[in-house]
Amino acid sequence: MTIPHTFIQELIARADVVEIVGRYVQLKKGGANFMGLCPFHSEKSPSFSVSPTKQFYHCFGCGKSGDALRFLMDHAGMTFIEAVNDLAQQFGMQVPEDDASPQDRARAAEQKQKQATLTDVLEQACTAYKKHLRDSPRAIDYFKGRGLSGEIAKQFDLGYAPEGWRSLAGVFPRYDDPLLAESGLVITSEDDPEKRYDRFRDRVMFPIRNVKGECIGFGGRVLGDDKPKYLNSPETPVFSKGRELYGLFEARNALRDAGYALVTEGYMDVVALAQLGFPNAVATLGTACTADHLQKLFRFTDSVVFSFDGDAAGRRAARKALDGALPLATDVRSCKFLFLPAEHDPDSYIRAYGRDAFARYISEATPLSRFLIESVREGCDLNSAEGRAHLASNAKPLWSQLPEGALKRQLLGEIADLVQLNSNELTDVWAGKAIGQRSEAKSTKKYSTPYTPGKRYTPKEPPIGSDSAGRRQPASRADHATRLLLANSSGWDSLTHEDHALLCELPAPHGPLFVWLESQQHEHGPQDWEALRGRLQAQAFESLALKLMSSPVAAGAPNAADAALDREALQELRALLNLMLVDRIKQQQTEALEKAKTDPTYLEIYRELSRRLLELMAVKVG
């Protein structure tokens with residue numbers, strides 16, 4: 001799906017960033033701008049500024065900034081496409097698609113309308129289940145017995161589905177409405193379509209919401225010992241349990257405050273943990289944690305801790321989660337694995353040993369790197385050549401899934417040490433090379449114009465960035481960062497939220513180009529330069545990208561067909577971004593000092609900026 005750039009510009013022009021941000025943040029007028037507590041980090045004094053004239057927000061504390069679309073992506077965890085659709089819907093605008101036929105657009109519009117209708121139906125059921133909870137002493141006693149307060153029940157919209165076979169007939173005017181079956185609320189008999197009954201009966205109910213807060217399904221738990229103990233909504237046009245996480249909407253702010261997401265195995269764990277002081281918990285819905293789940297979590301935090309039972313089943317579940325985590329384990333992300341004693345779940349552990357003990361347990365969780373090594377050496381006798389060879393065979397498919405970076409290189413060294421080979425020998429084994437076989441060295445020198453016999457030489461125009469005599473002028477840092485990321489777009493995922501904000505806020509044409517590049521990552525994943533070049537057509541910044549990528553400097557860049565940044569390019573990009581961050585913070589310091597003349601609270605902002613500046617200047621890359 002490609003959305004015309006002109007439409008995005010029109011959409012942003014119509015949106016009022018003060019109104020959009022004001023739905024989530026309490027703002028107060030302060031001079032020409034509005035101020036509030038930053039929703040992206042914890043603070044006591046407001047340093048979050050929203051400008052109605054510039055239609056931009058900026059936090060002087062953590063550096064987060066952007067427009068209305070960027071806010072929906074960063075705060076609500078939406079993808080670029082989701083944010084555009086959400087904002088367009090608010091203004092009654094139809095999102096055009098450059099590469100869609102009229103039939104495809106009509107189908108997409110029909111599907112979108114169907115999804116909106118289904119979420120409305122599910123929301124009505126949620127309201128009814130909440131009302132039934134108030135009228136059911138058994139259900140209330142169950143929740144109280146699990147230590148839940150009325151406040152937590154309200155926060156998660158907990159409810160109760162009565163025992164009757166057709167209790168929803170009293171909620172919806174037409175019990176035979178096909179939407180009730182499509183939403184998963186009602187089951188229709190295959191033999192007799194007229195025979196219909198409620199899917200959820202005599203169960204406490206847990207509404208499942210998407211990142212926008214819309215009800216898309218339910219989880220239900222029996223009050224006694226009936227089977228199945230847990231029951232989820234079926235797959236519907238709005239609900240796919242392999243992609244959704246219970247509690248993510250409710251936990252979105254806590255994830256940023258805590259600095260990590262705690263992934264558990266059930267919705268009761270999530271609610272109980274929120275009650276006990278861990279509101280940053282989410283849960284999969286009866287499936288293994290997949291890459292789709294982690295992609296959603298990494299929109300809110302760079303650190304994930306998986307919590308599993310310590311038994312064999314818990315270990316198997318952790319192994320599946322490892323498979324989902326490996327392709328996303330960049331050098332700036334952290335994944336850990338927590339194994340509780342077999343007799344405990346998170347709820348019982350905290351009640352037995354206390355909140356602080358559980359927090360310590362989390363801090364000591366097993367890092368992804370160690371769990372990978374433990375997994376591949378299981379069942380391997382490292383005292384024998386056969387056992388070490390077995391380990392090497394186990395490690396290859398897991399190690400290969402890791403993205404390029406320092407973590408992957410370090411693990412290569414650790415695995416090589418365990419099998420008593422050096423790193424080059426191990427990669428040769430994995431590549432199937434015979435002993436003594438060596439790769440032929442390939443020339444890295446590139447010629448922009450091959451020699452053709454008999455062809456007359458025509459002098460070229462001085463290259464981009466040169467003066468009239470052809471002397472090359474120093475490239476700007478923005479140009480350099482643009483070149484590196486266009487040649488290796490997968491490097492975007494290795495950057496922090498602070499880096500993304502820095503690049504996307506650059507003046508045109510660089511800033512809009514990086515906003516576009518981020519949208520491409522969300523829509524299509526990493527792409528090589530040739531694919532990006534095709535999608536750049538008719539974009540306002542197309543000429544800049546083509547000039548930068550055709551320059552002699554770009555000719556020496558890493559191969560654009562390589563989907564990942566090599567180590568040297570990654571280090572070069574990191575050092576470059578650190579310099580750009582230092583420049584930006586120095587500018588923010590100047591602004592803070594000027595504003596401190598009339599508002600002393602900016603002195604604290606200045607001190608925070610100074611601390612961040614010292615951190616950046618102390619970083620050594622490489």
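The values are calculated or read from the model by the stated rules, or taken from the named source; none is laboratory data. Because the structure is a prediction, the values reported are computed rather than measured. Every residue, glycine among them, receives a Cβ derived from its backbone with ideal geometry; neighbour counts consider all protein chains shown. Each accessible area value is taken on the protein alone, full model and side chains, heavy atoms only, with ligands, DNA and RNA left out. Shrake-Rupley method; radii C 1.70, N 1.55, O 1.52, S 1.80 Å.
What to note about this one:
- All of Arg146, Arg196, Arg174 fail the test of being charged (D, E, K, R), open to solvent by 20 Å² or more (accessible area, probe 1.4 Å) and within 26 Å of Gly247 (Cβ to Cβ), apart from Arg146.
- Screening the candidates His500, His480 for the property of being at pLDDT below 85, closer than 30 Å to Tyr57 by Cα, part of a helix (DSSP H, G or I) and not aliphatic (A, V, I, L, M) yields one hit, His500.
- Among strands (runs of 3 or more DSSP E) entirely within region 1-115, having at least 2 residues that are modelled with pLDDT of 85 or more and closer than 30 Å to Ala592 by Cβ singles out 33-36, 48-51, 56-59.
- Which listed residue, of Arg252, Arg221, is in contact (Cβ under 8 Å) with a residue 40 or more places away in the chain, assigned to a strand (DSSP E or B) and open to solvent by 20 Å² or more (accessible area, probe 1.4 Å): Arg221
- Condition check for Ser363: within 21 Å of Ala281 (Cα to Cα) and surrounded by fewer than 21 Cβ atoms within 10 Å (Cβ to Cβ): yes
Yes/no matrix, rows are residues, columns are (1) more than 21 Å from Arg316 (Cβ to Cβ); (2) in a helix (DSSP H, G or I); (3) of a type outside the set (Lys, Arg):
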| position | (1), (2), (3) |
| --- | --- |
| Tyr349 | no, yes, yes |
| Arg370 | no, yes, no |
| Leu382 | yes, no, yes |
| Gly387 | yes, yes, yes |
| Asn394 | no, yes, yes |
| Leu411 | yes, yes, yes |
| Leu421 | yes, no, yes |
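- Evaluating Lys296 against the criteria (1) open to solvent by 20 Å² or more (accessible area, probe 1.4 Å); (2) touching a residue at least 40 places away in the same chain (Cβ under 8 Å); (3) assigned to a strand (DSSP E or B) leaves one unmet condition, (3).
- Tallying residues that are open to solvent by 40 Å² or more (accessible area, probe 1.4 Å) and either touching a Leu at 6+ places or on another chain (Cβ under 7 Å) or of a type in the set (A, V, I, L, M) (or both) within region 1-26 yields 3.
- Within region 604-622, if we keep just the residues that are over 30 Å from Gly405 (Cα atoms) and surrounded by 13 or more Cβ atoms within 10 Å (Cβ to Cβ), the residue that is modelled with the lowest pLDDT turns out to be Glu604.
- Looking only at residues in region 366-391 that are open to solvent by less than 30 Å² (accessible area, probe 1.4 Å) and not hydroxyl-bearing (Ser, Thr, Tyr), the one that is nearest to Val304 (Cα to Cα) is Leu368.
Okay, residues lined up against (1) more than 15 Å from Leu158 (Cβ to Cβ); (2) hydroxyl-bearing (Ser, Thr, Tyr); (3) in a loop (DSSP other than H, G, I, E, B); (4) open to solvent by 30 Å² or more (accessible area, probe 1.4 Å):
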| residue | (1), (2), (3), (4) |
| --- | --- |
| Leu179 | yes, no, no, yes |
| Gly184 | yes, no, yes, no |
| Asp191 | yes, no, yes, yes |
| Pro207 | no, no, no, no |
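- Residue within region 249-260 that is among the hydrophobic types (A, V, I, L, M, F, W, C) and touching a Gly at 6+ places or on another chain (Cβ under 8 Å) present: yes
- For the condition surrounded by 12 or more Cβ atoms within 10 Å (Cβ to Cβ) and modelled with pLDDT under 75, Ala555 qualifies.
- Qualifying residue in region 204-217 (condition: out of contact with any helix residue (DSSP H, G or I) (no Cβ under 9 Å at 6 or more places or on another chain) and more than 14 Å from Ala125 (Cα to Cα)): no
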